[in-house]
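Student: The structure under discussion is supplied below as structure tokens; questions concerning it will follow.
The values are calculated or read from the model by the stated rules, or taken from the named source; none is laboratory data. Everything numeric here is computed off the predicted structure, so don't read it as measured data. Quick reminder, even Gly has a Cβ in these numbers, built from the backbone with ideal geometry, and neighbours come from all protein chains shown.
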Amino acid sequence: MLNEVQNVALKDAEETTKETTEVVSEESTEQKVDVNELAAQLEQIKKAQAGSDKAYSLAAEKLKALETENDRLKKAGMDAEEKAAFEREQKEKELEDRERVINDATLRLALVEGLGAAEMDTEWVNFIPTKNKDEAIEQIGKLKELIDKEVGKRVNETLLSTKRPMSGETPAGQAITNFANLSMHELENLAKEGKLKL
């Protein structure tokens, strides 16, 4: 009787071991399949993106050709006065487009000059929303104040801290994070999660 109980217990243990081994092997197989599937999906997405980029550029070329043909046909059915008005309208559009490009470049140059005067790196240009030069200078001043305030606060925290840093931490006891590679959205999320003190 005791032998039968031991035999049943051994069989149960063997079945449990087999099931565990099967589950572990299935999980590792699933993980490999998932990684391979993800790689295949990524390749499909890349191919689709390349195809859509090509289709977009072809569509843009066709649109330009159709606009040119449309303009030509419009001119063909017009008398001299209408033709002159139409051509004047087209030239005004071109001038407006050129003016917008020049204004954007001038504003960007003003931002770069303002950042240089504030002794800030030109990479901050992308983080300053503005519509005109005066607003740009004001935004640069506000940004510099915020940065200086944050730097001062962190320096004071570090200087006043009595905690010795652990490996991979700053003297203030925070994990080392490379903020240069983070976007503003990622920085905001870190601040919301309490991982970044502002």
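Student: From the list Glu123, Glu135, exactly one residue is among the charged types (D, E, K, R) and more than 21 Å from Ile102 (Cβ to Cβ). Which is it?
Tutor: After applying the criteria, what remains is Glu123.
Student: Out of (1) more than 19 Å from Ile128 (Cβ to Cβ); (2) out of contact with any Lys or Arg (no Cβ under 6 Å at 6 or more places or on another chain), the odd one out for Lys83 is which?
Tutor: Status for Lys83: all satisfied but (2).
Results for (1) surrounded by 10 or more Cβ atoms within 10 Å (Cβ to Cβ); (2) closer than 30 Å to Glu145 by Cα; (3) more than 24 Å from the chain's Cα centre (by Cα), shown as yes or no for each residue.
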| residue | (1), (2), (3) |
| --- | --- |
| Ala40 | yes, no, no |
| Lys47 | yes, no, no |
| Gly51 | yes, no, no |
| Lys74 | yes, no, yes |
| Thr106 | yes, yes, yes |
| Lys131 | no, yes, no |
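Student: Scan the range 109-127 and tell me whether some residue there is in a loop (DSSP other than H, G, I, E, B), without any contact (Cβ under 8 Å) to a residue 12 or more places away in the chain and exposed (fewer than 15 other Cβ atoms within 10 Å of the Cβ).
Tutor: Yes, some residue in the range 109-127 is in a loop (DSSP other than H, G, I, E, B), without any contact (Cβ under 8 Å) to a residue 12 or more places away in the chain and exposed (fewer than 15 other Cβ atoms within 10 Å of the Cβ).
Residue-by-condition table, conditions (1) touching a Phe, Trp or Tyr at 6+ places or on another chain (Cβ under 7 Å); (2) among the basic types (Lys, Arg); (3) at pLDDT below 85:
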residue: Lys62; (1), (2), (3): no, yes, no
residue: Ala65; (1), (2), (3): no, no, no
residue: Lys74; (1), (2), (3): yes, yes, yes
residue: Glu96; (1), (2), (3): no, no, no
residue: Arg100; (1), (2), (3): no, yes, no
residue: Asn103; (1), (2), (3): no, no, no
residue: Asp121; (1), (2), (3): no, no, yes
residue: Trp124; (1), (2), (3): no, no, yes
residue: Lys142; (1), (2), (3): no, yes, no
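Student: Quick check on Gly152: is it closer than 25 Å to Ser183 by Cβ, surrounded by 10 or more Cβ atoms within 10 Å (Cβ to Cβ), without any contact (Cβ under 8 Å) to a residue 12 or more places away in the chain and more than 28 Å from the chain's Cα centre (by Cα)?
Tutor: So Gly152 passes the test.
Student: Of Ala180, Ala110, which residue is at pLDDT 85 or above and either out of contact with any Gly (no Cβ under 8 Å at 6 or more places or on another chain) or among the aromatic types (Phe, Trp, Tyr) (or both)?
Tutor: Checking each option against the conditions leaves just Ala110.
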